[in-house]
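The values are calculated or read from the model by the stated rules, or taken from the named source; none is laboratory data. Keep in mind it's a predicted model, so treat the numbers as computed, not measured. Cβ atoms come from the backbone with ideal geometry, glycine included; neighbour counts cover every protein chain shown.
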Amino acid sequence: MGRSKKETDYSEFYVNNLEEDLPVRENKDKRTKKNKRKKKKSVIVSIILIITLIVLVVALFIIENSFVYARCEVEAGTPVALSDLLKRPDKDAYITEDSDKIDIYVPGDYHLKVKTGIFEHPVTVVVKDTVPPEVKFMELATGMGYLPEPSDFVTEIVDVTKCTVSYVKKPDVGKLGETSATIEVKDLGGNAVTKDLRIDVWPIKGYLRMEAGSDRPKLADFMLKGDVTGAQMISNMETIDMSDVDVVPIKIKFKGTSYEPKLIIYDSRPPEFSVKNIDSFLNVPRKAEDFVTDTRDNSKVTYTFESQPDLTKEGTQTLVVVGTDGGGNRTSHEVKLTLRKDTEKPKFNNVKDIKIFVGRTVSYKNNLEVTDNCPEGLKLDIDAGNVNTNVVGTYNATATATDIAGNTASASFKVIVSDVASTIEDLNILVDEVLGQIITPGMNTMQKIRAIYDYVYTHCRYRDMNIDDNWIKAAASGFLTGKGDCYTDTMMAKALLDRIRVKNKVISRIHGNDADHYWNLVDIGDEYGWYHLDCINRLDGVAENRVFMLKTDQLIEVDNRIGDFHDFDRTKYPDVDPGTVAFTGNTIISTHPIEGVPHITPSSASAESNESTEGQQTEGNQQNSEESGSRAPENELNDYGDQNNGVPAGNE
């Protein structure tokens, strides 16, 4: 059977359409595959971008955290420096101006921005107070009806943050007798200390609080109503220092009963002080008080830095100086410290050779003057290894000065060791050394003479020396050896008296049962004339036999006890006969010719004079120079404030 024509036509149509549709489908499949590939690439790119972004974020996080600490916790009172916030050193790092100002005495979070590298890094500084205060309590008595302040029971609080004092339990002060209270001291960190205390209730005040610098309290101030009836002050109130923060017990007797209330001297006013900026050099040590120019407070003030300066950093840095008074009150001021390099060498001035005598110690530093633009920390080293002070000769020595920056300078000089002084200049080297030891500022003429007398008397032990042809050599021998006879003692005293410009003469005995004896006559320029001064240390050691500033009649009394030592030709020397009074030590005493007045020996008087004779000394010294044929230059002064021309004066 054959197919119908209609069926044949549909087959052909289907075949034809199928053939026409094949290319379209192929194109569609290609587009689908292409879209899939695009989507796949997009996903891959997105993944790569996300990974890259994550890597960048991680890297940024690592960078941020590699320069600074994001959070820094410190105990209150601990200084915080920029270097504490950095993980790696950076001299160019700084804290931005819009950062919080850290108060290390107030707990809390402080937000900072630290610029280091190319970024500004956020940093949080957390100030904590975890340490409870250290407190010293005291038990008090109080007057009936007077409730003490809680802080009255506290004498000292040691804590870096501010503390408050309060009652946990108040005392009953409405009746006489014993009661109790509980006190709490708490700091800003919430740390607290409590204490149970006993309280006596008295009919007078148990304590009195007064601001440092106030006038001393009176008896009425301790009475409940100011009524002093039946009350007596036992303590000496004049001895109390009202500028010293302290608790002082006061003794009072009231109606037959003894009480001991406390005077509490406190300081509630913060100190006032002025500061200055300092321009200095690297590595020079600095204390906080170096920046303070004056202080105004009723109690002692101590100074500290809020943060220690960096003495190795060139440039200007801002510091905070904190002043704390005896009451714990604080005031702070900003100061600037500018440091620079020191490239200037020290300088030696007026380098001279040093002359000493055999066996003496060389004082190198006292004979060398060194200056430097930065004197702090200046060191002086001496190279004198070949100097032998026990052998006469001339030796070479070198001094090297080194400042704190390491700059050095050197100077050479000679050390000349001599066996004995031969000139007045040589002798005065020894004399000035002695006067520097025995003369102090403020001494009057009599005190200086007493110091000279005591020195010669104790320094020079008696020994026959037979050096009576040269007074300079004799005096020098006594200074150098500590031994000598009466001539040695007398010339030592003469050299010392000449140097302080006290008018003096050498006197000698005319006959006796022994060899010649020498001593000094001294005129201090007062109205009483000349005095005998004998520094010999050969006598019996009895104090009343020592001859210090005696008139002739007093000297004769000494000779009557010890022998004929001081018989002299009165026609050759100034009048030393007794007047109405004479000096002995620090007292003007009556001499024995005055009827009814007992004779007082000079040995019983002190070395000091109540009346200064400096004014009279000038006239006496001028006369002395004229008598000796020499006059001191008007403008030439020695170290003892007196004119000196280096020439012996007043000896006949």
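Some values worked out for this structure:
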read-out: Residues satisfying the stated conditions in region 306-328, i.e. more than 15 Å from Ile104 (Cβ to Cβ) and either of a type in the set (S, T, N, Q) or assigned by TED's automatic domain parsing to the domain that holds Lys101 (or both); value: Thr312, Thr316, Gln317, Thr318
read-out: Residues located in region 262-311, provided they are within 18 Å of Gly327 (Cβ to Cβ), of a type in the set (S, T, N, Q) and in contact (Cβ under 8 Å) with a residue 24 or more places away in the chain; value: Ser268, Thr295, Asn298, Ser299
read-out: All positions within region 475-484 that are at pLDDT below 90 and either among the β-branched types (Val, Ile, Thr) or farther than 13 Å from Thr458 by Cα (or both); value: Ala476, Ser477, Leu480, Thr481
read-out: Sole residue being surrounded by fewer than 18 Cβ atoms within 10 Å (Cβ to Cβ), in the same structural domain as Ile500 (by TED's automatic domain parsing) and either part of a loop (DSSP other than H, G, I, E, B) or over 37 Å from the mean Cα position of the chain (by Cα) (or both), chosen from Gly442, Gly377, Gly385, Gly406; value: Gly442
read-out: All positions within region 312-332 that are touching a residue at least 24 places away in the same chain (Cβ under 8 Å), under 15 Å from Ile278 (Cβ atoms) and surrounded by fewer than 17 Cβ atoms within 10 Å (Cβ to Cβ); value: Lys313, Glu314, Gly315
read-out: Meets criteria (modelled with pLDDT of 65 or more and under 30 Å from Thr161 (Cα atoms)) for Pro89; value: no
read-out: Single residue of region 85-102 satisfying the filter (surrounded by 13 or more Cβ atoms within 10 Å (Cβ to Cβ) and of a type in the set (Asp, Glu)) that is nearest to Glu306 (Cα to Cα); value: Asp100
read-out: Selection status of Ile252, among the aliphatic types (A, V, I, L, M) and more than 30 Å from Leu219 (Cβ to Cβ); value: no
read-out: Counted residues, region 388-403 - those being of a type outside the set (Gly, Ala, Ser) and within 35 Å of the chain's Cα centre (by Cα); value: 4
read-out: Matching entry among Val456, Val434 (being crowded, with 21+ Cβ neighbours inside 10 Å, of a type outside the set (D, E, K, R) and in the same structural domain as Asn545 (by TED's automatic domain parsing)); value: Val456
read-out: Filtered residue count, region 103-130, keeping only those that are within 15 Å of Thr161 (Cα to Cα) and either surrounded by 19 or more Cβ atoms within 10 Å (Cβ to Cβ) or in contact with a Cys (Cβ under 6 Å, 6 or more places away or on another chain) (or both); value: 4
read-out: Odd one out for Ile102, checked against (1) β-branched (Val, Ile, Thr); (2) in contact with a Leu (Cβ under 7 Å, 6 or more places away or on another chain); (3) not in a strand (DSSP E or B); value: (2)
read-out: Test: Ala141 is in contact with a helix residue (DSSP H, G or I) (Cβ under 9 Å, 6 or more places away or on another chain), touching a residue at least 12 places away in the same chain (Cβ under 8 Å), more than 25 Å from Arg330 (Cβ to Cβ) and of a type outside the set (Val, Ile, Thr); value: no
read-out: Subset of region 214-231 (residues that are loosely packed, with under 12 Cβ neighbours inside 10 Å and either more than 26 Å from Ser299 (Cβ to Cβ) or in contact (Cβ under 8 Å) with a residue 60 or more places away in the chain (or both)); value: Lys225, Gly226, Asp227, Thr229
read-out: Which numbered condition Asp426 misses (of (1) among the charged types (D, E, K, R); (2) at pLDDT 90 or above; (3) more than 34 Å from the chain's Cα centre (by Cα)); value: (2)
read-out: Residue count for region 459-488, restricted to those that are over 21 Å from Asn428 (Cβ atoms) and surrounded by 24 or more Cβ atoms within 10 Å (Cβ to Cβ); value: 1
read-out: Enumerated strands (runs of 3 or more DSSP E) restricted to region 260-314, each holding at least 2 residues that are within 30 Å of Asn236 (Cβ to Cβ) and more than 21 Å from the chain's Cα centre (by Cα); value: 262-266
read-out: Residue in region 216-224 that is hydrophobic (A, V, I, L, M, F, W, C), more than 30 Å from Gly145 (Cα to Cα) and over 20 Å from the mean Cα position of the chain (by Cα) present; value: no
read-out: Top-ranked residue in region 247-256 [being part of a strand (DSSP E or B) and more than 12 Å from Arg209 (Cβ to Cβ); ranked as nearest to the chain's Cα centre (by Cα)]; value: Pro249
read-out: Condition met for Val417 (hydrophobic (A, V, I, L, M, F, W, C), under 18 Å from Asp353 (Cβ atoms) and surrounded by 13 or more Cβ atoms within 10 Å (Cβ to Cβ)); value: yes
